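**Q** For reference, the structure I am asking about is given below.
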Amino acid sequence: MEQYTEKFKELLINYTPKLLTALAILIVGLFAIKLIVKGSKKIMKKQDVDITLQKFLGDLFSWALKALLFVTVISKLGVATTSFAAIIGAAGLAIGLALQGSLSNFAGGALIMIFRPFKVGDLIEAQGIVGVVKEIQIFTTHINTPGNKLAIIPNGSLSNGNIINYTAEGKLRVDLTFGVSYDADIKKTKDVLMNVLTSNPKTLKDPAPTVNVSELADSSVNFAVRPWANTADYWDVYFETTENVKIALDKAGIEIPYPHAVEIQK
């Protein structure tokens, strides 16, 4: 016991300074990394770097500095960096095989940043989810859905799947269909529908809205109503047009067919 006690005291005396030094480097290093990353983001912001790229590069810079700090702390504890590099290489191979999905997500994030199919603030549809891009991280992309739910999509599947960017062109066509009675006058109906579109200030004049007969259905003549709107006004135009069409058709005496319940007399 005396031998073990003496050995423990010897190790404690020899390694305590190294341990305290490594701990101090770790604490100061993490604080310095935080300041450096924050400062780099400010510089990128002043240089008008895209906000999407700011976040991605900031995260990447942070991970790289933390990896360098980790190696520095290990070396201060007395672990040879050459031996440690070999261990890291072997461990990296094993971890890489175990985390193929994560590496795929990292590569996907890099591809998104290179080819830029969308950016923060864009309204997109991908992986069955529609929403506004809130943040693009190294491994995942965060999307806010219309119901204000946060959807987190892995970058690997996102970069390899179909993406519809509703914001990219700046304008969207609103596709609506309205049915009227076969007794209604087609020209009058088209004039009423067009007047609804042109009287809405949020409906764009270029491209011009269109109204056309799209189908002669079983119980109605269907009209394809196609106004155009800025991306931000899409839902306003959609709902306002739907409401105003009903009001205008009623005012013009044009019937909108609907199923009638048939009363069976006994």
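**Q** Which of the residues spanning segment 167-190 are closer than 30 Å to residue 120 by Cα and of a type in the set (A, V, I, L, M, F, W, C)?
**A** 168, 172, 174, 176
**Q** What do you reckon, is residue 167 of a type outside the set (A, V, I, L, M), more than 30 Å from residue 248 (Cα to Cα) and touching a residue at least 60 places away in the same chain (Cβ under 8 Å)?
**A** Spelling it out, residue 167 is indeed of a type outside the set (A, V, I, L, M), more than 30 Å from residue 248 (Cα to Cα) and touching a residue at least 60 places away in the same chain (Cβ under 8 Å).
**Q** Now, a different point. Of the numbered conditions (1) more than 12 Å from the chain's Cα centre (by Cα); (2) modelled with pLDDT of 90 or more, residue 115 satisfies every one except a single condition; which is it?
**A** For residue 115, the exception is condition (2).
**Q** Restricting the search to segment 106-144, which residues are among the β-branched types (Val, Ile, Thr) and in contact with a helix residue (DSSP H, G or I) (Cβ under 7 Å, 6 or more places away or on another chain)?
**A** We begin by selecting, within segment 106-144, every residue among the β-branched types (Val, Ile, Thr); these are 112, 114, 120, 124, 129-130, 132-133, 136, 138, 140-141, 143.
Scanning segment 106-144 gives 112, 120, 136, 138, 140, 141.
The values are calculated or read from the model by the stated rules, or taken from the named source; none is laboratory data. Just so we're clear, the structure is a prediction, and the values are computed from it rather than from any experiment. FYI the Cβ positions are ideal-geometry reconstructions off the backbone, even for glycines, and counts take in every protein chain you see.
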